[in-house]
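Asker: Before I ask anything, let me first share the structure, which is written out below as C-alpha coordinates.
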Amino acid sequence: GVTKGYAVVSVEQRLAGEAQFPYGLFDLKAAIRYLRANAAQYKLDPEKFALAGDSAGAYYAIMCAATQDIPGFEDETMGNAGVSSKVQAVIGFYGCYDLMKMLPPEMPEPPKGAAPGPGAGGPPMPDLYQSLVGAKPRAIHGLMYFTNPFNFITDKFPPILIQAGTKDQIVPPSQSQMLYDKVTEKCGEGRAELEFFEGWNHGGFSTDWYEPKHQGHIYQFLDKLFK
(Lines give C-alpha, C1' and ligand atoms only; values in the text may rest on other atoms or scores of the structure.)
Protein backbone atom coordinates (compact mmCIF):
# COMPACT_ATOMS: atom_id res chain seq x y z
CA GLY A 1 0.00 0.00 0.00
CA VAL A 2 0.92 3.66 -0.29
CA THR A 3 2.92 4.90 2.67
CA LYS A 4 1.20 7.68 4.61
CA GLY A 5 4.21 8.82 6.59
CA TYR A 6 3.05 7.49 9.95
CA ALA A 7 4.85 5.02 12.18
CA VAL A 8 2.45 2.62 13.91
CA VAL A 9 3.22 0.92 17.22
CA SER A 10 0.86 -1.72 18.60
CA VAL A 11 0.76 -1.58 22.40
CA GLU A 12 -0.59 -4.23 24.77
CA GLN A 13 -1.94 -3.53 28.22
CA ARG A 14 -2.84 -5.96 30.97
CA LEU A 15 -6.46 -7.04 30.69
CA ALA A 16 -9.17 -7.51 33.30
CA GLY A 17 -8.34 -10.82 34.95
CA GLU A 18 -4.60 -10.21 34.55
CA ALA A 19 -4.53 -7.02 36.59
CA GLN A 20 -7.05 -4.64 38.08
CA PHE A 21 -7.55 -1.01 37.19
CA PRO A 22 -5.46 1.18 36.88
CA TYR A 23 -2.61 -1.15 35.83
CA GLY A 24 -3.74 -1.29 32.19
CA LEU A 25 -3.61 2.50 32.10
CA PHE A 26 -0.16 2.47 33.72
CA ASP A 27 1.01 0.04 30.98
CA LEU A 28 -0.20 2.31 28.19
CA LYS A 29 1.42 5.41 29.66
CA ALA A 30 4.68 3.53 30.25
CA ALA A 31 4.70 2.58 26.56
CA ILE A 32 4.18 6.21 25.51
CA ARG A 33 7.01 7.36 27.78
CA TYR A 34 9.28 4.65 26.37
CA LEU A 35 8.52 5.62 22.76
CA ARG A 36 9.03 9.32 23.44
CA ALA A 37 12.30 8.67 25.33
CA ASN A 38 13.54 6.56 22.39
CA ALA A 39 12.01 8.64 19.61
CA ALA A 40 15.34 9.29 17.87
CA GLN A 41 16.18 5.58 17.79
CA TYR A 42 12.81 4.72 16.19
CA LYS A 43 12.76 7.85 13.97
CA LEU A 44 9.60 9.18 15.61
CA ASP A 45 8.53 12.80 16.10
CA PRO A 46 8.09 13.14 19.88
CA GLU A 47 5.85 16.20 19.37
CA LYS A 48 3.33 14.33 17.20
CA PHE A 49 1.93 11.32 19.03
CA ALA A 50 -1.59 10.09 18.25
CA LEU A 51 -3.29 7.40 20.31
CA ALA A 52 -6.00 5.18 18.81
CA GLY A 53 -7.95 2.26 20.22
CA ASP A 54 -11.04 0.22 19.55
CA SER A 55 -13.63 -1.04 22.04
CA ALA A 56 -11.85 -1.51 25.40
CA GLY A 57 -8.71 -0.12 23.74
CA ALA A 58 -10.68 3.06 22.97
CA TYR A 59 -11.54 3.30 26.67
CA TYR A 60 -7.85 3.21 27.58
CA ALA A 61 -6.92 5.68 24.82
CA ILE A 62 -9.48 8.23 26.00
CA MET A 63 -8.66 7.58 29.66
CA CYS A 64 -4.98 8.16 28.90
CA ALA A 65 -5.69 11.46 27.10
CA ALA A 66 -8.07 12.66 29.82
CA THR A 67 -5.63 12.05 32.68
CA GLN A 68 -2.38 13.05 31.02
CA ASP A 69 -1.76 15.96 33.43
CA ILE A 70 -2.48 13.96 36.59
CA PRO A 71 0.59 12.24 38.13
CA GLY A 72 -1.53 9.79 40.14
CA PHE A 73 -2.68 8.14 36.93
CA GLU A 74 0.75 6.82 35.96
CA ASP A 75 3.42 4.69 37.57
CA GLU A 76 6.82 6.15 36.71
CA THR A 77 8.60 3.25 38.38
CA MET A 78 7.76 1.33 35.18
CA GLY A 79 10.45 3.30 33.36
CA ASN A 80 11.38 6.67 31.81
CA ALA A 81 10.28 8.76 34.79
CA GLY A 82 10.00 12.44 33.95
CA VAL A 83 9.23 11.81 30.27
CA SER A 84 5.82 13.09 29.15
CA SER A 85 3.05 10.59 28.38
CA LYS A 86 0.97 13.24 26.59
CA VAL A 87 -0.55 12.65 23.17
CA GLN A 88 -1.42 15.30 20.60
CA ALA A 89 -4.42 13.50 19.09
CA VAL A 90 -6.68 10.60 20.01
CA ILE A 91 -9.08 8.33 18.11
CA GLY A 92 -11.76 6.14 19.65
CA PHE A 93 -13.52 3.41 17.66
CA TYR A 94 -16.79 2.01 19.12
CA GLY A 95 -15.51 2.48 22.66
CA CYS A 96 -17.00 2.10 26.12
CA TYR A 97 -16.25 5.12 28.30
CA ASP A 98 -18.68 5.42 31.24
CA LEU A 99 -18.40 1.92 32.72
CA MET A 100 -21.18 2.43 35.25
CA LYS A 101 -23.61 2.98 32.38
CA MET A 102 -22.40 -0.28 30.79
CA LEU A 103 -23.33 -2.49 33.76
CA PRO A 104 -25.94 -5.18 33.09
CA PRO A 105 -29.15 -4.79 35.13
CA GLU A 106 -28.99 -6.19 38.63
CA MET A 107 -30.63 -9.61 38.91
CA PRO A 108 -32.59 -10.27 42.10
CA GLU A 109 -31.28 -13.04 44.31
CA PRO A 110 -33.44 -16.19 43.87
CA PRO A 111 -35.46 -17.08 46.97
CA LYS A 112 -33.97 -19.82 49.14
CA GLY A 113 -34.97 -23.30 47.95
CA ALA A 114 -36.06 -22.04 44.50
CA ALA A 115 -35.39 -24.23 41.49
CA PRO A 116 -32.33 -23.11 39.50
CA GLY A 117 -33.18 -20.78 36.62
CA PRO A 118 -32.49 -21.37 32.92
CA GLY A 119 -28.81 -21.84 32.18
CA ALA A 120 -28.00 -22.74 35.77
CA GLY A 121 -25.55 -25.57 36.27
CA GLY A 122 -23.11 -24.40 33.60
CA PRO A 123 -19.92 -22.48 34.35
CA PRO A 124 -20.71 -18.95 35.54
CA MET A 125 -19.88 -16.14 33.13
CA PRO A 126 -16.94 -14.11 34.42
CA ASP A 127 -17.96 -10.64 35.62
CA LEU A 128 -15.49 -8.51 33.64
CA TYR A 129 -16.33 -5.35 35.55
CA GLN A 130 -15.68 -7.03 38.88
CA SER A 131 -12.42 -8.47 37.50
CA LEU A 132 -11.37 -5.01 36.34
CA VAL A 133 -11.96 -3.18 39.62
CA GLY A 134 -11.84 -6.00 42.18
CA ALA A 135 -15.37 -5.58 43.54
CA LYS A 136 -18.93 -5.16 42.33
CA PRO A 137 -18.88 -1.68 40.75
CA ARG A 138 -22.21 -0.67 42.31
CA ALA A 139 -20.70 -1.34 45.75
CA ILE A 140 -17.76 1.03 45.16
CA HIS A 141 -19.37 4.08 43.54
CA GLY A 142 -16.72 6.40 44.95
CA LEU A 143 -13.85 4.40 43.47
CA MET A 144 -15.64 3.98 40.12
CA TYR A 145 -15.44 7.79 39.79
CA PHE A 146 -11.74 7.33 38.97
CA THR A 147 -12.47 4.90 36.10
CA ASN A 148 -14.58 7.47 34.23
CA PRO A 149 -12.66 9.67 31.77
CA PHE A 150 -15.57 12.14 31.66
CA ASN A 151 -14.59 13.24 35.18
CA PHE A 152 -11.11 14.30 34.03
CA ILE A 153 -11.62 15.90 30.59
CA THR A 154 -10.52 19.55 30.65
CA ASP A 155 -10.04 22.23 27.98
CA LYS A 156 -6.53 20.76 27.42
CA PHE A 157 -7.97 17.51 26.01
CA PRO A 158 -6.36 16.80 22.59
CA PRO A 159 -8.30 16.80 19.30
CA ILE A 160 -10.31 13.60 18.98
CA LEU A 161 -12.03 11.58 16.25
CA ILE A 162 -14.85 9.39 17.60
CA GLN A 163 -16.47 6.67 15.48
CA ALA A 164 -19.18 4.11 16.14
CA GLY A 165 -21.74 1.99 14.30
CA THR A 166 -25.46 2.62 14.77
CA LYS A 167 -26.17 -1.11 15.14
CA ASP A 168 -23.41 -1.93 17.64
CA GLN A 169 -24.65 -4.83 19.75
CA ILE A 170 -21.68 -4.89 22.16
CA VAL A 171 -21.29 -1.24 23.18
CA PRO A 172 -24.19 1.22 22.85
CA PRO A 173 -23.33 3.99 20.35
CA SER A 174 -24.68 6.41 22.98
CA GLN A 175 -21.29 5.99 24.71
CA SER A 176 -19.63 7.72 21.74
CA GLN A 177 -22.26 10.47 21.73
CA MET A 178 -21.64 11.09 25.44
CA LEU A 179 -17.89 11.39 24.83
CA TYR A 180 -18.44 13.87 22.00
CA ASP A 181 -20.82 15.92 24.17
CA LYS A 182 -18.37 16.02 27.09
CA VAL A 183 -15.37 17.08 24.98
CA THR A 184 -17.45 19.75 23.23
CA GLU A 185 -18.78 21.02 26.57
CA LYS A 186 -15.24 21.36 27.99
CA CYS A 187 -13.33 22.40 24.86
CA GLY A 188 -15.87 24.06 22.55
CA GLU A 189 -16.94 23.15 19.02
CA GLY A 190 -14.32 21.63 16.74
CA ARG A 191 -12.18 19.76 19.29
CA ALA A 192 -14.14 16.53 18.73
CA GLU A 193 -15.37 14.96 15.50
CA LEU A 194 -18.10 12.31 15.74
CA GLU A 195 -19.06 9.87 12.99
CA PHE A 196 -21.81 7.28 13.16
CA PHE A 197 -21.90 4.61 10.44
CA GLU A 198 -25.41 3.51 9.58
CA GLY A 199 -26.03 -0.19 10.15
CA TRP A 200 -22.49 -1.06 11.24
CA ASN A 201 -22.01 -3.41 14.19
CA HIS A 202 -19.07 -3.60 16.59
CA GLY A 203 -15.62 -4.26 15.14
CA GLY A 204 -15.09 -7.97 14.59
CA PHE A 205 -18.71 -8.29 13.49
CA SER A 206 -18.78 -5.59 10.79
CA THR A 207 -15.85 -5.89 8.38
CA ASP A 208 -16.53 -2.36 7.03
CA TRP A 209 -14.25 -1.06 9.79
CA TYR A 210 -11.22 -2.59 8.04
CA GLU A 211 -11.92 -1.37 4.50
CA PRO A 212 -9.36 1.01 2.94
CA LYS A 213 -12.06 3.58 2.12
CA HIS A 214 -12.88 3.80 5.81
CA GLN A 215 -9.21 4.25 6.75
CA GLY A 216 -9.10 7.33 4.51
CA HIS A 217 -10.96 9.60 6.90
CA ILE A 218 -8.67 8.59 9.76
CA TYR A 219 -5.68 9.82 7.76
CA GLN A 220 -7.53 13.06 6.86
CA PHE A 221 -8.03 13.72 10.58
CA LEU A 222 -4.35 13.09 11.35
CA ASP A 223 -3.03 14.99 8.31
CA LYS A 224 -5.03 18.07 9.32
CA LEU A 225 -3.28 18.09 12.70
CA PHE A 226 0.20 16.89 11.86
CA LYS A 227 1.03 17.90 8.30
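The values are calculated or read from the model by the stated rules, or taken from the named source; none is laboratory data. Remember, it's a predicted structure, so these values are computed and weren't measured experimentally. No Cβ is skipped: glycine too gets one built from the backbone with ideal geometry, and neighbour counts run over all protein chains shown. Heavy atoms of the whole protein, side chains included, go into the accessibility calculation; ligands, DNA and RNA do not. Shrake-Rupley method; radii C 1.70, N 1.55, O 1.52, S 1.80 Å.
Asker: For the range 12-116, list the helices (runs of 4 or more DSSP H) that sit wholly inside it and hold at least 2 residues that are open to solvent by less than 70 Å² (accessible area, probe 1.4 Å), modelled with pLDDT of 95 or more and of a type outside the set (A, V, I, L, M); which are they?
Answerer: 23-37, 56-66
Asker: Only one of these is touching a residue at least 40 places away in the same chain (Cβ under 8 Å) and either open to solvent by 70 Å² or more (accessible area, probe 1.4 Å) or in contact with a Leu (Cβ under 6 Å, 6 or more places away or on another chain) (or both): K213, K167, K227, K136. Name it.
Answerer: The match here is K227.
Asker: Moving on to the next point. Give me the helices (runs of 4 or more DSSP H) completely within the range 120-195, filtered to those with at least 2 residues that are among the small types (G, A, S), ordered by residue number.
Answerer: 174-187
Asker: Taking the criterion of being surrounded by fewer than 18 Cβ atoms within 10 Å (Cβ to Cβ), in contact with an Asp or Glu (Cβ under 7 Å, 6 or more places away or on another chain) and in contact (Cβ under 8 Å) with a residue 60 or more places away in the chain, would at least one residue in the range 171-188 satisfy it?
Answerer: yes
Asker: A further question on this structure: When you check L128 against the structure, is it open to solvent by 90 Å² or more (accessible area, probe 1.4 Å) and either among the hydrophobic types (A, V, I, L, M, F, W, C) or within 26 Å of F26 (Cα to Cα) (or both), yes or no?
Answerer: Against the criterion (open to solvent by 90 Å² or more (accessible area, probe 1.4 Å) and either among the hydrophobic types (A, V, I, L, M, F, W, C) or within 26 Å of F26 (Cα to Cα) (or both)), L128 qualifies.
Asker: Of all the residues that make up the range 154-178, how many are of a type in the set (A, V, I, L, M, F, W, C), farther than 15 Å from D54 by Cα and touching a Cys at 6+ places or on another chain (Cβ under 8 Å)?
Answerer: Residues meeting the conditions: 1.
Asker: What about L194, is it surrounded by fewer than 19 Cβ atoms within 10 Å (Cβ to Cβ), among the aliphatic types (A, V, I, L, M), within 22 Å of A50 (Cα to Cα) and modelled with pLDDT of 90 or more?
Answerer: Criteria met by L194.
Asker: Scan the range 153-164 residue by residue and report those that are crowded, with 19+ Cβ neighbours inside 10 Å and closer than 14 Å to C64 by Cβ.
Answerer: I153, F157, P158, I160
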